[in-house]
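Peer 1: Got a structure for you, questions after.
The values are calculated or read from the model by the stated rules, or taken from the named source; none is laboratory data. The shown structure was predicted, so the numbers you read here are calculated from the model rather than taken from an experiment. No Cβ is skipped: glycine too gets one built from the backbone with ideal geometry, and neighbour counts run over all protein chains shown. Only protein heavy atoms, including side chains, enter the accessible area calculation; ligands, DNA and RNA are left aside. Shrake-Rupley method; radii C 1.70, N 1.55, O 1.52, S 1.80 Å.
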Amino acid sequence: MTGGLKVLLLLSLCLVGWTVPIDRNQDPPEEEKPEENADTGLYYDRYLREVIEVLETDPHFREKLQTANTDDIKNGRLSKELDLVGHHVRTRLDELKRQEVSRLRMLLKAKLDSTNAQSVQMDHASLLKQFEHLDPHNQNTFEAKDLELLIVTATKDLENYDAERHEEFKRYEMLKEHERREYLKSLDQEKREREEKRIEELKEKHRRHPKVNAPGSVDQLREVWKETDGLDPQEFNPKTFFKLHDTNGDGVLDEQELEALFTKEVIFFLARCFLSLQVDLNHDRLVSLEEFLKSTEKKEFNNPNEWETLDDTKPVYTEEELQRFEAELQDKEMELGRRAEKLRQEQELLKERSKALEAQKREYQQAVMEMSQKQKEQQALNRQPPSGPNGELQFQQEMQKLANEDSQVLKVPINQNGVQNNLPAEPPQNLPQHTS
């Protein structure tokens, strides 16, 4: 990465500087908010962008930014220019810093709450030291040190992020090559030779891709001069080129007229950024003839570097790196195989335990049923009357005894079974005589 922050500043300047074209014959339209560009992935991304946008509103700082080299930006030396910006810019920067400090405090509180440390007394000044993109000792005003810390930290973080992305891309490319080789191994000789030939033809086709000229360079404009205007590239003339593409004749190239120069969307976007910084000197989102001619006098216009594609650059990985990557994949596959076997064995063990538990459950249910049956039988036995020594029911003896006693009173003969004999009863004697 050639200056991660400078790229970020470049993109931010493009978005601000080319939002809405101005028609000089009419009143300027109301400024529209630029579309939010891709997040940098930094946890202070919004703060960074807002600081950049505020600094861009100061003409002096913007001029210094355009003339600064990559080292000046990466090392934070640009922060010295903060003392020369307008009062309203400094006031807005102070507000942004206070908002950022408040946001960081909320993050710290939420983190402490999540760890059940509500009762701990928070020392915000000490806790804020873990954030490197601002000065924690001064929480109210935005000073040169804050800008220096923001630039240096953002540059370092973006470079680390680029390194991580590059490593991810390299591993992705090595995985594709590994899968390609494994696929070729699965083919027979005839199919493998045919597939290898097809792949080699594709590589050759990529190597012969057309030259890509840097947007806004003399070669790129000559390409338009030839293919769009139908003129001889050797007769290219910047002034004539400008008048040819100033289609409405208002003396400036607006966004629509510039868009016609760059057919590919990505190239147009990057060319628009280049024109914003190197050509549109007064930042009115229009390119005048004077600005255009001045840009053609610069060294970068006549001696640009040809854009390199991935195929033109050095290989993303070496054969040694690929072999280490494949060995790593093999180790991971073996480890996954061991884990899968361990899981299979654990599953079998769980099945056996499940079967044993099911058998124990059936035994328990059988024991409960047998116990319940015995209880029922015992209850039935408890409800039966007691029996005598000869098996007779004991209550019959009691009835016999009661019957004998009654027979003595009534003098009724009772047989051995306790049943009265059907003999006529003698009239009672010595009963009192009733007189009429």
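Peer 1: Would you tally the residues in the range 220-246 being within 47 Å of the chain's Cα centre (by Cα), among the β-branched types (Val, Ile, Thr) and open to solvent by 60 Å² or more (accessible area, probe 1.4 Å)?
Peer 2: Selection size over the range 220-246: 1.
Peer 1: Continuing with the same structure: Exactly one of these conditions fails for residue 140: (1) open to solvent by 80 Å² or more (accessible area, probe 1.4 Å); (2) in a helix (DSSP H, G or I). Give me its number.
Peer 2: (2)
Peer 1: Can you tell me how many residues within the range 239-293 are touching a Ser or Thr at 6+ places or on another chain (Cβ under 7 Å), more than 19 Å from residue 227 (Cβ to Cβ), outside any strand (DSSP E or B) and modelled with pLDDT of 75 or more?
Peer 2: So the answer is 1.
Peer 1: Let me ask another. Evaluate the range 197-208: report whether one residue or more is within 22 Å of residue 326 (Cα to Cα) and surrounded by 13 or more Cβ atoms within 10 Å (Cβ to Cβ).
Peer 2: No, the conditions are met nowhere in the range 197-208.
Peer 1: Quick one: what pairs do we get from the range 147-158, first residue outside the structural domain of residue 96 (by the TED database), second part of a helix (DSSP H, G or I) and of a type outside the set (Lys, Arg), C-beta under 6 Å, 6+ apart or different chains?
Peer 2: none
Peer 1: Scan the range 126-139 and give yes if some residue there is farther than 30 Å from residue 71 by Cα and within 35 Å of the chain's Cα centre (by Cα), otherwise no.
Peer 2: yes
Peer 1: Name the residues in the range 84-97 that are exposed (fewer than 14 other Cβ atoms within 10 Å of the Cβ), in contact (Cβ under 8 Å) with a residue 12 or more places away in the chain and assigned to a helix (DSSP H, G or I), would you?
Peer 2: 84
Peer 1: Please work out if residue 114 is of a type in the set (Ser, Thr, Tyr) and at pLDDT below 85.
Peer 2: Taking the combined requirement at face value, the residue satisfies it.
Peer 1: Report yes if residue 13 is at pLDDT below 55 and under 21 Å from residue 162 (Cβ atoms), otherwise no.
Peer 2: yes
Peer 1: Moving on. Among the residues in the range 324-337, are any modelled with pLDDT of 85 or more, open to solvent by less than 100 Å² (accessible area, probe 1.4 Å) and in contact with a Ser or Thr (Cβ under 9 Å, 6 or more places away or on another chain)?
Peer 2: Looking for residues that are modelled with pLDDT of 85 or more, open to solvent by less than 100 Å² (accessible area, probe 1.4 Å) and in contact with a Ser or Thr (Cβ under 9 Å, 6 or more places away or on another chain), one finds none in the range 324-337, hence no.
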